[in-house]
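A.B. asks: I'd like to ask you about the structure that follows.
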Amino acid sequence: MLDRVRRRAWGLSGRLIASYILVTLAVVVLVEALVLGFQVPSLVNGTQLQAQVDAAAKSYGQQLSQRYPGGVPAGTVLGVPGQSAQPGLARPAPDGTLAVPAIPGPIHSDQAVTAVVAVGADGTVVASSAPSRYPLGRAAASELPAPATAAIAGGPAQIYLKAGSVPTPYGSVLMTVWPVRRAAISTPPASAPAYVYVQAPWAPRFISPIRAWGELGQLGETGQLLSGQYALLIAIVPVGVLFGLLASRRLVRRVRRLDRAAVAVADGDYTVALPVSGRDEVGRLEANFTTMTRQLGSALAAERQRATGDARAAERARIAREVHDAISQHLFGLRMIAAGMRRADPGNQQVCAIERISEEALRDMQALLTELRPAGLDGAGLARALREICAAYHDRLGVTVDASLDDVTVPAAVEHALLHIIQEACTNAVRHGHARRLTVSMARQDGHVELAVRDTGTGFDPAAPHPGSGLAHIRDRVAELGGTVDIDSAPGCGAALTVRVPVP
């Protein structure tokens with residue numbers, strides 16, 4: 001049983017841990033998607049533009065090597081003539097390279113432009129696509145960005161490739177320095193190009209994150225970023241497990257306690273009481289569970305008591321039938337025989353005594369049968385049940401009963417107790433007091449129900465012990481109801497029993 005409870009509790013813990021992991025993964029994926037939506041597209045754009053810059057530098061390097069093996073003529077403007085130049089914007093060429101416009105005149109803008117610059121072996125500018133910004137004869141170190149001059153200083157075999165922005169006085173650019181393959185000349189002229197510098201203005205712009213994600217695997221540094229994201233997602237799993245265990249431990253422990261209590265109740269233990277361990281839903285469930293077990297235990301106890309009472313009543317009814325069918329008939333026959341003998345011999349005192357004793361025995365037997373056959377409530381109300389008792393004493397025993405009974409509404413337990421009290425009082429008055437007249441009254445006043453039974457019998461001393469009279473039972477029943485009993489009697493003066501019981 002305990003293993004089953006543990007398995008169910010672990011199932012709850014497992015589901016909670018899984019939910020924590022899924023929620024954490026969902027949050028991280030959402031955050032990563034937002035981050036990738038702004039970071040990765042910029043990297044993808046920069047990488048695409050950098051590839052175009054690299055291709056343009058390589059193309060211009062080949063063209064300069066082929067066209068100007070003896071040096072670039074003075075006044076040569078590189079680039080594509082007649083193409084409009086828009087500062088701050090780079091355009092791709094149809095062949096996949098960069099469209100570099102030739103700008104022979106001044107540049108009326110402080111933004112970076114797409115440009116190509118040929119640098120000689122002596123480190124001076126020998127040709128460019130924008131002479132006004134990159135004048136001929138100037139030192140490349142004073143005109144080009146520091147990474148470009150560092151690549152040129154590294155030698156002809158050095159290729160500088162940067163997939164990222166490079167700051168310049170005119171804004172950020174993506175650039176490439178490409179060595180130019182020289183012709184087989186022993187002493188190349190100073191105007192012979194040795195390096196080609198190509199730049200393009202660059203600024204991040206947004207593209208579709210789905211498209212960017214698909215291109216991540218083709219990028220170098222961005223692929224490392226993707227690997228970092230995967231590592232983060234994998235690291236979330238143990239973190240989610242640990243957080244789930246810590247967060248669900250107390251809840252699982254409370255659920256296990258509830259499960260054990262439910263098993264105990266199912267096994268018949270209705271005394272289980274759970275401590276309320278919080279003000280949340282589980283705490284309210286614990287409080288309601290304890291209340292439910294108490295009410296269930298009370299209901300079952302009342303049901304057992306009612307079943308016991310029904311069995312006792314059925315047994316008393318059976319005994320009453322047997323007594324009526326056997327002993328009562330014999331007593332009745334004995335009285336009839338004694339009466340016949342008295343009429344035949346009126347002076348025979350023994351016969352008269354037999355007749356008198358048989359009549360008293362028959363009367364006591366009738367009173368006993370009336371007590372053994374109690375009137376039932378059957379939902380008809382206390383007043384009606386008491387009227388049935390009064391009618392039974394009148395019809396069966398010939399006792400005159402004056403009844404003054406008000407209809408009162410009291411709880412069922414109080415009804416049963418008051419009914420038994422009246423039955424006991426009437427039986428005592430007839431059997432022990434030999435009363436021939438009874439007065440029974442019931443009224444409600446001042447939050448109490450008052451019952452009174454008065455008789456014209458022989459009376460008794462209330463202070464003296466009276467074993468077998470049932471007075472002790474009456475006092476016990478009234479005490480359980482929180483009421484009072486008042487007995488007024490004296491030998492030869494009859495008796496009066498008054499009961500007051502508080503009712504809501």
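The values are calculated or read from the model by the stated rules, or taken from the named source; none is laboratory data. Remember, predicted model here, so these are calculated numbers, not experimental data. Please note: Cβ atoms are built from the backbone with ideal geometry, for glycine as well, and neighbour counts cover all protein chains shown. The protein model used for the area step is the full one, side chains on, heavy atoms only, and it has no ligands, DNA or RNA in it. Shrake-Rupley method; radii C 1.70, N 1.55, O 1.52, S 1.80 Å.
A.B. asks: Using the Karplus curve 6.51 cos²θ - 1.76 cosθ + 1.60 with θ = phi - 60°, what ³J(HN,Hα) values do you get for each residue of region 261-273, in whole Hz, with x for Gly and Pro?
C.D. replies: 5, 5, 5, 5, 5, 4, 7, x, 8, 9, 9, 5, 10
A.B. asks: Using 0.36 nm times the number of residues separating residue 473 and residue 18, minus their current alpha carbon distance, what extension gain do you get?
C.D. replies: Once the chain is fully extended between residue 473 and residue 18, it gains 157.2 nm.
A.B. asks: Now, a different point. If you look at just the Cα atoms of region 393-504, how large are its Rg and its Dmax in Å?
C.D. replies: In order Rg, Dmax, the Cα atoms of region 393-504 give 13.6, 39 Å.
A.B. asks: Next question. If I stretch the segment between residue 253 and residue 181 completely, what's the gain in nm (0.36 nm per residue apart, minus their alpha carbon distance), one decimal? Could the numbers behind the result be given before it?
C.D. replies: On the way: separation 72, 0.36 × 72 = 25.92 nm, distance 7.79 nm.
Taking 0.36 nm per residue and subtracting the Cα distance, the gain is 18.1 nm.
A.B. asks: Apply 1/(1 + (r/R0)^6) to the Cβ-Cβ distance of residue 146 and residue 279, taking R0 = 56 Å, and write down the FRET efficiency to the nearest 0.05.
C.D. replies: Numbers: r = 66 Å, r/R0 = 1.19.
It comes out at approximately 0.25.
A.B. asks: Same structure again: Roughly how many Å² is the accessible area per residue of region 61-152, as a whole number, for a 1.4 Å probe? Mind showing how you got there, number by number?
C.D. replies: Numbers: 4240 Å² over 92 residues.
Accessible surface, normalised per residue, equals 46 Å².
A.B. asks: In nm, give the distance between the simple-model label positions of residue 444 and residue 356, each being 7 Å from the Cα along the Cα-to-Cβ direction.
C.D. replies: Placing both labels 7 Å beyond Cα along the Cβ direction yields 4.9 nm.
A.B. asks: Also, I was wondering about something else. Give me, ordered by chain and number, the residues 5 or more places off residue 91 or on other chains with an amide H under 5 Å from its own placed amide H.
C.D. replies: So residue 91 has HN proximity to 99.
A.B. asks: Based on DSSP, what percent of beta bridges with both residues in region 381-504 are antiparallel, to the nearest 5?
C.D. replies: Around 80 percent antiparallel, to the nearest 5.
A.B. asks: A follow-up question, please. With every protein chain left in place, what is the accessible area per residue of region 400-504 in square angstrom, probe 1.4 Å?
C.D. replies: I get 49 Å² per residue for this part.
A.B. asks: Under a 5 Å amide H to amide H cut-off, with H placed in plane at 1.01 Å, what residues pair with residue 438 once short-range neighbours are removed?
C.D. replies: Hits under the 5 Å cutoff: 400, 401, 402.
A.B. asks: Give me the one-decimal nm value for the distance between modelled label points at residue 108 and residue 315, 7 Å along each residue's Cα-to-Cβ direction.
C.D. replies: 12.3
A.B. asks: Quick one: which residues, 5 or more positions from residue 168 or on another chain, have an amide H under 5 Å from its amide H? H modelled 1.01 Å from N in the peptide plane, none for Pro or chain starts.
C.D. replies: 173
A.B. asks: Share of region 420-495's accessible area from carbon and sulfur, percent, 1.4 Å?
C.D. replies: Working: 1900 of 3850 Å².
Here carbon and sulfur together make up 49 percent of the probe-accessible area.
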